[in-house]
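The values are calculated or read from the model by the stated rules, or taken from the named source; none is laboratory data. This one's a predicted model, so the numbers in the text were calculated from it and none came from an experiment. Backbone-built Cβ (ideal geometry, glycine too); neighbour counts: all protein chains shown.
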Amino acid sequence: MKTLVDPSNALAQGLAAIRSQFKVPAAFPPDVLAAAEAAAKRAPTEHVDRTDLSFVTLDPATSTDLDQAFAIEAAGNDLLLRYAIADVAWFVDDGGAIDVEAWTRGTTLYLPDGKAGLYPPVLAEGAASLLPDGPRPAVIFIVRVAPDGSVKLDGAERAVIRNRAKLAYDSVRDSDLPPDFAELARRITAAEDARGASRVDPPEQEVDRQADGSFELQFRPRLEAEDRNAALSLATNLAVADALQAHHTGLFRVMPAPDAHAVGRLRNTARAFGLSWPADVSLECYENGLNANDPRQAAFMLAIRRAGGGAAYQPYRDGVVPWHAPMAATYAHATAPLRRLADRYVVRAALAVANGQPVPEVVAQAFEKLPPVMAHADATGGQIDRAVIDLAEAAALKDHVGQIFGAVVTDLDQKGARIQLSDLPVVARVDAHGVEPGDTVRVRLTGADPNRRAITFVRIN
């Protein structure tokens, strides 16, 4: 969820300006903090004891807001994934101060120098987080994964669990994980391939200060443990979505595929990076072979991520099959309630459905009200991400003013030509007449101002 990492905090001034521009909350109101302090002391009373199960978490090493813990066991030829999700609803009263503030925020906002949480830290990084320092209340989704990777929600329960180990992507060993962890991930990936899913997970961008004081944009290699862990969340979200759709309720994540114009622009972007994309190969087939650890292919994966029509939330409607094109499936968000408001309600609905109970009216009403709230939060997060990238690009290029770069025209509009630099993951605009998408051009960098988060080029040929 973090588009850019700035480990040396070299962009502090620019990031402060971004926080101010987008009104990123610096703190929680006193009444919300007081309510969170009181809620954190709430003992679980509607939860069965599952502390005998060996749950673990797998996240970035520095993460403290842990939404998910998992345990896996074999059940004949199937695998049973017990996916424990932080029981945020246990701590947050409908209509209370914490709830009202969460509806104002919508999501946790991430910047390279810190985050603005959806919930106060005493909950998100304390009592509600599935940390290994004691028992925690959770909602356990039991997901049955067949040999072909198809998934089914087999049950759900409120439970008290104990996280046996807080594992980190960059240091985890196979022996730390359940024996069937890799096999479960393989099954989910195989099912994605079979249904034609086109989900891409680009690596994070990093900005590093060089010895001479300049900056350089790089990609952090994506780790195998990240991809395998993502498969667990995907399996649960797919199983929850199918269960809710079957019971005529829910809130779904939908996203169209890139249209023909966007695909054409992507073909030009691939050309800019020197990537070979045969004309008779579809985007779906081509992107499945991309390597996130190759810088040019990683940059192209980012371009694909930005090319879609935009994801949105959609409540259940009779006769409508909600569809997420990159997943090639009906899909819901249920596994990150500490970071996304909508997930708290999806978890409550799935818990009710799995136990043959009616979905609470407050949850059904929330499904109708959440789409615009989440759209606004997503838009703000996207604008912040773009501003951070613009800042990093300007910082990385500020010592290269006057330098000539090769580029390819990816698109044309009333503002001029959109270009993709051939040697850097940088998209810019240039006033270029008499060019067509796909044309190769040479451009000179005429300005790079981190304070304005702006870079300018002129065409020289």
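Select from region 423-461 the residues that are in contact (Cβ under 8 Å) with a residue 60 or more places away in the chain and assigned to a loop (DSSP other than H, G, I, E, B) and write down the one among them that is farthest from residue 263 (Cα to Cα).
Here the answer is 451.
How about region 95-145: which strands (runs of 3 or more DSSP E) wholly inside it have at least 1 residues that are crowded, with 23+ Cβ neighbours inside 10 Å and more than 20 Å from the chain's Cα centre (by Cα)?
Per the criteria, 136-145.
Show me the strands (runs of 3 or more DSSP E) entirely contained within region 1-91 in which 1 or more residues are under 30 Å from residue 390 (Cα atoms).
Those strands (runs of 3 or more DSSP E) span 55-59.
Please determine whether any residue of region 397-420 is among the aliphatic types (A, V, I, L, M), assigned to a helix (DSSP H, G or I) and touching a residue at least 40 places away in the same chain (Cβ under 8 Å).
Yes; the residues of region 397-420 include at least one that is among the aliphatic types (A, V, I, L, M), assigned to a helix (DSSP H, G or I) and touching a residue at least 40 places away in the same chain (Cβ under 8 Å).
Taking the conditions exactly as written (out of contact with any Phe, Trp or Tyr (no Cβ under 7 Å at 6 or more places or on another chain), at pLDDT 90 or above and either surrounded by fewer than 22 Cβ atoms within 10 Å (Cβ to Cβ) or in the same structural domain as residue 425 (by TED's automatic domain parsing) (or both)), does residue 254 satisfy them or not?
In short, no.
Which of (1) under 14 Å from the mean Cα position of the chain (by Cα); (2) touching a residue at least 40 places away in the same chain (Cβ under 8 Å) is the odd one out, the single condition residue 283 does not satisfy?
(1)
Filter region 61-88 down to the residues that are modelled with pLDDT of 95 or more, of a type in the set (Gly, Ala, Ser) and out of contact with any Phe, Trp or Tyr (no Cβ under 8 Å at 6 or more places or on another chain), then identify the one that is farthest from residue 369 (Cα to Cα).
Restricting to residues being modelled with pLDDT of 95 or more, of a type in the set (Gly, Ala, Ser) and out of contact with any Phe, Trp or Tyr (no Cβ under 8 Å at 6 or more places or on another chain), the top hit is 76.
If residue 326 satisfies every condition in (1) modelled with pLDDT under 95; (2) within 22 Å of residue 128 (Cβ to Cβ) but one, which is the exception?
Of the numbered conditions (1) modelled with pLDDT under 95; (2) within 22 Å of residue 128 (Cβ to Cβ), the odd one out for residue 326 is (2).
Quick check on my filter: what residues within region 273-300 are of a type in the set (A, V, I, L, M) and modelled with pLDDT under 85?
292, 298, 299
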